[in-house]
Amino acid sequence: MIASEFNKRRELLMSQVGKDNIAIIASADTRTRNRDVDYPFRQDSDFYYLTGFNEADALAVFIPGREQGEYILFCQEFDEKKALWEGAHAGLEGATQEYGADDSFPIDDLSDILPGLLENKNKVFYPMGRDPELDHHIMEWITHIRSQTRSGISAPGELVSLEHILHEMRLIKSPAEIKLLQTAIDVSAKGHIRAMQRCHSGRYEYQIEGEMIHEFIDNGLRAVAYPSIVAGGENACVLHYTENKAILNDGDLLLIDAGAECDHYAADITRTFPVNGIFSGAQKLLYQLVLDAQLAAMQEIKVNAPWNKAHEASVQVLTEGLVELGLLVGEIETLIEDEAYKIFYMHRIGHWLGMDVHDVGDYKINEEWRVLEAGMVLTIEPGLYIPVDCSSVDEKWRGIGIRIEDDVLVTEQGYQVLSQAIPKTIAEIEAVMQ
Ligand code: GLY
Ligand code: MN
Ligand code: MN
């Protein structure tokens, strides 16, 4: 991502924070995995969105209209020994020269410097309740300023959630963001195709996971956007199955929900295909139904359409199909009203997609479903999961789990399926698995 993109974001944020106010946001922390070993560091998405700064122990401050500089970055000072053991880090100079901060200070001096920056400000914007330590410090600093009001200094009177402004910004993706999403998706597509081509009975779920991750890393994307779900047979009915350790059986389906992350942007894609490359009769019928529901949902993706329309379309198609196949019995309308489909379709159609796999942004505004706008990216992922012990349906359906998930960009003209490179129809899947 180019520097000017971060600059633009900061300017937009500051125009909304407004003069005489201040915004504060902290980086993610490193987390211990065990003893001397940390988990791979992943920057906080909000912090990265505004700074592009990929280190822990940092905090950004935005003060619109401040003459000596509006953007202040607290970070770790450059340390030769740290550079030798752990590698490059920006230091105070890098913070201003490479990351566009107007001013930088050591993070260790935060408690000495930040209270001064809060003086005479009206509102403090920050992500409340996310970091108990920061919450505590901010209260402490404000209390400290209040104790000095007799010397003519005023303390901020209002704490405001920064997330509200920031997440509305993040919800609409810029062309540069869409490019990163597309790269994450294209690499994930390679992984899904490789998985289809290298799948056969007798292999283990984790081996297929390995095939996916091979493509991700081989293409330079070393992080998955979320733990991969590689679920053979009835494991697909466990929505967040990540054990991935069962053997794959001839005649079963395999559901793979996996995506790579590219420069903090997530792909989120699911395909379901037969372990042996050929759908059985029952599998074909249910698979086509899920696919029909997905295509019907996509038809509802357009500018100004309420977000829930796609979900409602999927419910309509799935319920009708379940009745036709005999898995549900009754009047379509009543079954929908009573949510009878929820035994087999218990999640919603999808979610916003971006830096976080379940990305930020409200789904309702003033209790009404929000309408779609160009630049929003969302997943469309209907599924059917027939519990293995579901005695109300014929045995042939039991233990089948199917989800088809694509990543979709809302455009002025309608929508664009960013993940369309991956085989999805029955014919396409059977062909690629030949
Ligand atoms: N992979 C998580 C989801 O599909 O929502
Ligand atoms: Mn998914
Ligand atoms: Mn998803």
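The values are calculated or read from the model by the stated rules, or taken from the named source; none is laboratory data. Note that this is a predicted model, so its numbers are computed, not measured. Positions of Cβ are generated from backbone atoms using ideal geometry, with glycine treated the same way; all protein chains shown enter the neighbour counts.
Being touching a residue at least 40 places away in the same chain (Cβ under 8 Å) and within 16 Å of ligand 1 (Cβ to nearest atom) is true for just one of LEU289, LEU285, LEU254. Which residue is that?
Values: LEU289 fails: within 16 Å of ligand 1 (Cβ to nearest atom); LEU285 fails: within 16 Å of ligand 1 (Cβ to nearest atom).
When all the criteria are applied, what remains is LEU254.
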Among (1) loosely packed, with under 15 Cβ neighbours inside 10 Å; (2) in contact with a strand residue (DSSP E or B) (Cβ under 9 Å, 6 or more places away or on another chain); (3) at pLDDT below 95; (4) of a type outside the set (Gly, Ala, Ser) - the single one HIS136 does not satisfy
(2)
Looking only at the stretch 334-363, count how many residues are touching a residue at least 40 places away in the same chain (Cβ under 8 Å) and away from ligand 1 (no atom under 16 Å from the Cβ).
3
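Conditions (1) farther than 13 Å from THR270 by Cβ; (2) away from ligand 2 (no atom under 14 Å from the Cβ); (3) exposed (fewer than 15 other Cβ atoms within 10 Å of the Cβ), marked per residue:
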{"site": "TYR345", "(1), (2), (3)": "yes, yes, no"}
{"site": "ARG370", "(1), (2), (3)": "yes, yes, no"}
{"site": "VAL377", "(1), (2), (3)": "yes, no, no"}
{"site": "ILE380", "(1), (2), (3)": "no, no, no"}
{"site": "GLU395", "(1), (2), (3)": "yes, yes, yes"}
{"site": "ILE402", "(1), (2), (3)": "no, no, no"}
{"site": "ALA427", "(1), (2), (3)": "yes, yes, yes"}
So for the stretch 410-429 (the condition being within 14 Å of LEU291 (Cα to Cα), in a loop (DSSP other than H, G, I, E, B) and touching a Ser or Thr at 6+ places or on another chain (Cβ under 7 Å)), does at least one residue qualify?
no
Need pairs with beta-carbon distance below 9 Å; first residue over 22 Å from ALA293 (Cβ atoms) and of a type in the set (Gly, Ala, Ser) and within the stretch 370-382, second more than 9 Å from ligand 3 (Cβ to nearest atom) and assigned to a strand (DSSP E or B); sequence gap 6+ or separate chains.
ALA374/LEU409; ALA374/VAL410; ALA374/THR411; GLY375/LEU409; GLY375/VAL410; GLY375/THR411
Among GLU300, GLU333, which is part of a loop (DSSP other than H, G, I, E, B), among the acidic types (Asp, Glu) and either more than 19 Å from ILE402 (Cα to Cα) or within 16 Å of ligand 2 (Cβ to nearest atom) (or both)?
GLU300
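Looking only at residues in the stretch 264-280 that are hydrophobic (A, V, I, L, M, F, W, C) and more than 30 Å from PHE41 (Cβ to Cβ), which one is farthest from ligand 2 (Cβ to nearest atom)?
Let us first name the residues in the stretch 264-280 that are hydrophobic (A, V, I, L, M, F, W, C), namely 266-267, 269, 273, 275, 278-279.
Now narrow it down to the ones that are more than 30 Å from PHE41 (Cβ to Cβ): 273, 275, 278-279.
Numbers: PHE273: 15, VAL275: 20, ILE278: 25, PHE279: 21 Å.
Going through the qualifying residues, I end up with ILE278.
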Within the stretch 137-193, track down each residue that is among the charged types (D, E, K, R), closer than 23 Å to LYS8 by Cα and touching a residue at least 40 places away in the same chain (Cβ under 8 Å).
GLU163, GLU168, ARG170, LYS173, GLU177
Residue count for the stretch 307-333, restricted to those that are within 16 Å of ligand 1 (Cβ to nearest atom) and of a type in the set (Val, Ile, Thr):
0
Among ALA58, ALA83, the single one that is modelled with pLDDT under 95 and of a type in the set (Gly, Ala, Ser) is ALA83
Can you tell me which residues in the stretch 213-261 are more than 16 Å from ligand 2 (Cβ to nearest atom), under 21 Å from the mean Cα position of the chain (by Cα) and not in a loop (DSSP other than H, G, I, E, B)?
GLU215, ILE217
Report yes if some residue within the stretch 298-321 is modelled with pLDDT of 95 or more, surrounded by fewer than 16 Cβ atoms within 10 Å (Cβ to Cβ) and over 19 Å from ARG348 (Cα atoms); otherwise report no.
yes
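This table checks each residue for (1) at pLDDT 95 or above; (2) farther than 27 Å from VAL224 by Cβ; (3) of a type in the set (A, V, I, L, M, F, W, C); (4) within 16 Å of ligand 3 (Cβ to nearest atom).
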| position | (1), (2), (3), (4) |
| --- | --- |
| TYR363 | yes, no, no, yes |
| TRP369 | yes, yes, yes, no |
| VAL388 | yes, yes, yes, no |
| ILE404 | yes, no, yes, yes |
| VAL408 | yes, no, yes, yes |
| GLU412 | yes, yes, no, no |
| VAL417 | yes, no, yes, yes |
| GLU428 | yes, no, no, no |
| VAL432 | yes, no, yes, no |
Considering only strands (runs of 3 or more DSSP E) fully contained in the stretch 21-129, which possess at least 2 residues that are buried (at least 18 other Cβ atoms within 10 Å of the Cβ) and in contact with a strand residue (DSSP E or B) (Cβ under 7 Å, 6 or more places away or on another chain)?
22-26, 59-62, 71-75, 103-106, 123-126
